[in-house]
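The structure under discussion appears below in the form of structure tokens.
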Amino acid sequence: MSEKEELVAIVGDVNISDTPEVLESYSRDESFVRQMKPQFVARPQNVDEVQEIVKWANRTGTPLIPLSSGQPHFRGDTVPSLGGVVVDLSRMKRIIRINRRNRVAMVEPGVTFAELQSELKKEGLRLPMPLCPRSSKSVIGSCLEREPTIIPKYQWDISDPLLCTEVVFGTGDLFRTGEAAGPGSLEDQWASGQAQTNPMGPFQVDFFRLIQGAQGTMGIITWATVKCELLPQLQKPFLVASRRLEDLLDFTYRLLWARLGDELLILNNFNLAAILAKDPNEIKALRDTLPPWVLIVCVAGYERLPQERAEYQEKDVMDTAQRFGVTPVTAIQGVQGSNVLEALSTVSAEPYWKLRYKGGCHDIFFLTTLEKTPEFTTCMYQIAAAAGHPSTDIGIYLQPQIQGRACHCEFNLSCDPGNPKEVEKVRHLFFNASKELMGMGGFFSRPYGPWAEMAYSRDGQSAMALRKVKGIFDPNNVMNPGKLCF
């Protein structure tokens, strides 16, 4: 049998694609990663098919590139480095279980945020989300990549909200992490009251940490449990405007320390306009009327005494704001806080908000601490000015994480993909700024594409340790070779 016939025997003829148009669409994304066509695209529907594909890859020495989110993709991790087979998990769309008592949901990798949130709402739950994810974004894909969520007070570990997983490692072995490892089947565990909420283990190794952030280089997730929260009965958002980023930081730290508010993040005027407006002209007009920086904080009340809870939080927020010389309001320059909250509470409308301004966007993001973000912002503006890129066209998103112990710092560089000169200018800006920001201490904990060489060349011991781990779980190097330090 040919390789294609063997794959057809696993997933069926209609779930294997090798037409030029399909392969071309998987050969590139919005990043600057080199284009490479896969041999095939396979779309399994269950764990048995995934396991058979991995075993087949080991027999044939064929690279596998797993992905679960729909297009567009942005970071280069789903572009084949060495050809091979793209394993598109978007057909695996079951929401296996929602457990309100333990606030946990078990989902397959093809489930998107919109699909899961709709079902969670019926149970009075919600999942903390990243900032306005695109409509095609996989919940598991986001959790595996440690995308920051906009509610830092519910984040106790950088891995949240990911809990237990079922994974097919590169060896072809099926493995369950954390509490899901056993004893007994899932049904046995459910019958005894377990809900796969503890991600630690089995034994003394937190195996899920080998998979999270690995860009598909260790194995393929076939389901995961995610930590949910109660759906608020009452929400009241506030906006805090400032001309200087520094003037918002102490107030933000105090809110985090007191765990006041649910949603808590800082956007510059460009990003806030891009999220709220519908087209380039609206974005420009709104950007020019908004203050340079806006802190968004939302207080909420839940099932028990929602009004009272929201009222005491609002009073504490206002008292704290007075101490730090800032003013939370419900609207700024005609922008209502309720409209901002509505946009943050769901997936992005089409077109995706990062693409609305010019049709293309390249993100630079890393971890730091909140008090250092003004230094990184100043540096980014200086590098952009030297490259001839307008600072007014740079989006900035600052997201406190782990209750304020760290901060996700993100710069969004818009460009017109149909303008080669502009694309080349942004490409140089992207590479130069990434090097400079990493040199300043920005921790690129998710080293996609060219960042991998920058990061691992600075830490040879970690690269060596990772290669040893890779040799255990994927000895034939079939899982997304060419990514990270592999």
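The values are calculated or read from the model by the stated rules, or taken from the named source; none is laboratory data. Just so it is clear, the structure is predicted and the values come from calculations on it, not from any experiment. Glycine also receives a Cβ, built like all others from the backbone with ideal geometry; neighbour counts cover every protein chain displayed.
Okay, residues lined up against (1) in contact (Cβ under 8 Å) with a residue 60 or more places away in the chain; (2) exposed (fewer than 14 other Cβ atoms within 10 Å of the Cβ):
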| position | (1), (2) |
| --- | --- |
| 303 | yes, yes |
| 352 | yes, no |
| 356 | yes, no |
| 367 | yes, no |
| 371 | yes, yes |
| 386 | no, yes |
| 398 | yes, no |
| 402 | yes, no |
| 411 | no, no |
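Select, from 78, 149, the only residue that is of a type in the set (S, T, N, Q), under 30 Å from residue 369 (Cα atoms) and not assigned by TED's automatic domain parsing to the domain that holds residue 196.
None of the other options fit; the residue is 78.
Exactly one of (1) within 27 Å of residue 251 (Cα to Cα); (2) part of a helix (DSSP H, G or I) is unmet by residue 384. Its number?
Every condition holds for residue 384 apart from (1).
Which of the residues that make up the stretch 239-248 are crowded, with 16+ Cβ neighbours inside 10 Å and touching a helix residue (DSSP H, G or I) at 6+ places or on another chain (Cβ under 6 Å)?
If the condition is that a residue be crowded, with 16+ Cβ neighbours inside 10 Å and touching a helix residue (DSSP H, G or I) at 6+ places or on another chain (Cβ under 6 Å), then 239, 242, 245 are the ones that fit.
Say whether the condition of being touching a residue at least 24 places away in the same chain (Cβ under 8 Å), surrounded by fewer than 21 Cβ atoms within 10 Å (Cβ to Cβ) and in a helix (DSSP H, G or I) is met by at least one residue in the stretch 260-267.
No, because not a single residue in the stretch 260-267 is touching a residue at least 24 places away in the same chain (Cβ under 8 Å), surrounded by fewer than 21 Cβ atoms within 10 Å (Cβ to Cβ) and in a helix (DSSP H, G or I).
Give the residue, chosen from 23, 7, that is within 22 Å of residue 168 (Cβ to Cβ) and touching a residue at least 12 places away in the same chain (Cβ under 8 Å).
Exactly one of 23, 7 is within 22 Å of residue 168 (Cβ to Cβ) and touching a residue at least 12 places away in the same chain (Cβ under 8 Å), namely 7.
Of all residues in the stretch 94-122, count the ones that are over 21 Å from residue 198 (Cα atoms) and more than 19 Å from the chain's Cα centre (by Cα).
5
What do you reckon, is residue 178 under 30 Å from residue 360 (Cβ atoms) and of a type in the set (Gly, Ala, Ser)?
No: the conditions fail for residue 178.
In the stretch 317-359, which residue that is more than 29 Å from residue 417 (Cβ to Cβ) and in a loop (DSSP other than H, G, I, E, B) is nearest to the chain's Cα centre (by Cα)?
345
Looking at 37, 4, 55 in this structure, which one is touching a Leu at 6+ places or on another chain (Cβ under 8 Å) and among the basic types (Lys, Arg)?
It is 37.
Please specify each residue of the stretch 138-148 satisfying the condition of being farther than 16 Å from residue 105 by Cα and buried (at least 23 other Cβ atoms within 10 Å of the Cβ).
Answer for the stretch 138-148, where residues must be farther than 16 Å from residue 105 by Cα and buried (at least 23 other Cβ atoms within 10 Å of the Cβ): just 148.
Matching residues to (1) modelled with pLDDT of 95 or more; (2) on the phi < 0 side of the Ramachandran plot; (3) touching a Gly at 6+ places or on another chain (Cβ under 6 Å); (4) assigned to a loop (DSSP other than H, G, I, E, B):
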{"residue": "98", "(1), (2), (3), (4)": "yes, yes, no, no"}
{"residue": "136", "(1), (2), (3), (4)": "yes, yes, yes, yes"}
{"residue": "140", "(1), (2), (3), (4)": "yes, yes, no, no"}
{"residue": "166", "(1), (2), (3), (4)": "yes, yes, no, no"}
{"residue": "175", "(1), (2), (3), (4)": "yes, yes, no, no"}
{"residue": "184", "(1), (2), (3), (4)": "no, no, no, yes"}
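Please indicate, with yes or no, whether at least one residue in the stretch 440-447 is in a helix (DSSP H, G or I) and out of contact with any Asp or Glu (no Cβ under 9 Å at 6 or more places or on another chain).
No: the stretch 440-447 contains no residue that is in a helix (DSSP H, G or I) and out of contact with any Asp or Glu (no Cβ under 9 Å at 6 or more places or on another chain).
Which condition breaks for residue 336 when tested against (1) of a type outside the set (D, E, K, R); (2) within 29 Å of residue 229 (Cα to Cα); (3) in contact (Cβ under 8 Å) with a residue 40 or more places away in the chain?
(3)
Going through 375, 410, 422 one at a time, which residue ends up being modelled with pLDDT of 95 or more and in contact with a Phe, Trp or Tyr (Cβ under 8 Å, 6 or more places away or on another chain)?
Answer to the check: 410.
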